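Values in this text are rule-based calculations from the coordinates and carry no lab data. In this text, all values refer to a predicted model and were calculated from it rather than measured experimentally. Please note: Cβ atoms are built from the backbone with ideal geometry, for glycine as well, and neighbour counts cover all protein chains shown.
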Amino acid sequence: MKVHMSKGGRLAAVVLAGALALAACGGSDSATEAEETPSEEVAAAEEDETAVAEEEEEVAEEEEPAEEVGSGEFVEFRGAEPGSGEGLKLGFIALDDSIPFSKLVSDGFKEQAEIAGAELVFCDSKLDAATALQCVQNFEAQGVQAYMNFQPVSDAGQEICDAGPDVPVIAIDIAQGDCQTAFMGANNSRAGFIGGEGLGNWIAENWNCEIDAWVSLEDFGVGAVNDARMDGQREGYESVCGPIDESAVEVRELDAGRQDLALAAFGDTLTALPDASRIAVVAINDDGISAALAAARTAGREDQVAVSGMGVDPISHCEIATGGQWVGSAAFFPERYGEIGVPYLIDAANGEEIPQDLLVDHLYVTEDNIGEYYDISAC
């Protein structure tokens, strides 16, 4: 049975994730709505069904600016000028530093803030909107003059924005409401496209563009970022191998943005597809790909998958370098995010205008070129 979640389904998942996050902040209205009886929920669903198309179109129009963010030209890595941030108090909200990508970003910002001589107030959201809300409230109390925000719950972005100080804000990889001065991070559509294109090239060469399943490990909670990155991967793949025939190919789009979720979700998928021998796997990050490859190895089916990631995190380096089933990843250079974010944040704190899009240049890293960017001597 094919499992394919439409954009409307994704939207519902995103709204639910946001509602749960806001409820954790103590939103009484959300709690009241969640207590409706099953019959009331069915009746409400039937009433809303006739308006689904109009609502989705309206929401798509509302989300258009967020999707446009992260689609322009890239900027060069600058690096902070020594002493340029002296006397400034800057804030940084991390995604979750138990995640390798997040830790690399955080360490880079700390290093660049130190070079600049700025005081950095650090707060880890730990993937939780309520914690991020507390972070910005703390920034307000401490007199932070500008901050970076990498909290992941897109639907909570506006509430968090409203609760923080009225200062310049640079969003990292996820739009953060109307207070953001600039968006910094991935050109999600481009990163996705080159990742899918790279996977398509490998599958064209090794499997003659013939696949039994397309598995997309996503993170519905980050909204437009997820759609841009994951749609880009499929578009990139199809630019090489042509449109995926969903009448013949199993298409599974799974909400599995963390390593533990991806490990379980892809393990279940392998169980459900015992006869699939050519499975293309893409993910919103390298954590998902690492988990998918681990699940395939556990099932004894590693040679039946071809996987492509996003990030080129350290967990990917030796996998890619050894030329196995991890075909490659689109490079984000998270360890260098601070070289863009900190100098531009200092500019904004000093009242200077900065570009609305501060985007990283992406390239596809494979066994053929990974040694040009990362130390793989231990592999």
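Points 7 angstrom from Cα along the Cβ direction at PHE74 and ASP162: gap in nanometres?
3.7
Apply the Karplus curve 6.51 cos²θ - 1.76 cosθ + 1.60, θ = phi - 60°, to the phi angles in segment 245-256 and return the couplings in whole Hz, x for Gly and Pro.
7, 6, 7, 10, 10, 5, 10, 10, 10, 10, 7, 8
Only Lys, Arg, Asp and Glu count, each charged at its Cβ (+1, +1, -1, -1), so figure out the dipole size of segment 132-239 about its Cα centre, rounded to 20 debye.
300
Could you compute the net charge surrounding ASP313? Neighbours are other residues with a C-beta less than 9 Å from the C-beta of ASP313; K and R count +1, D and E count -1.
Summing Lys and Arg as +1 and Asp and Glu as -1 gives -2.
Which residues in segment 255-289 have a backbone N closer than 16 Å to a point placed 7 Å from the Cα of ASN206 along the Cα-to-Cβ line?
277-283, 289
Run the dipole for segment 221-379 about the Cα centre, Lys and Arg Cβ at +1, Asp and Glu Cβ at -1, nothing else charged, and hand back the magnitude in debye, nearest 20.
480
Could you tell me which of rounded, prolate or oblate describes segment 151-262, using a ≥ b ≥ c as the square roots of the eigenvalues of the alpha-carbon gyration tensor, with rounded for a/c under 1.5 and, failing that, prolate when a/b is larger than b/c and oblate otherwise?
prolate
Going by a ≥ b ≥ c, the root eigenvalues of the Cα gyration tensor, does segment 192-317 fall in the rounded group (a/c under 1.5), the prolate group (a/b larger than b/c) or the oblate group?
The shape class here is rounded.
Please report the net charge: other residues with Cβ closer than 14 Å to the Cβ of ALA118, K and R +1, D and E -1.
Local net charge: -4.
Say R0 is 41 Å: what FRET efficiency, to the nearest 0.05, do SER377 and GLN134 get from their beta-carbon distance?
For SER377 and GLN134, the calculated efficiency is 0.45.
Peptides 373-379, 155-161: what's the order by average Cβ count within 10 Å, highest mean first?
Peptide ranking by packing, descending: 155-161, 373-379.
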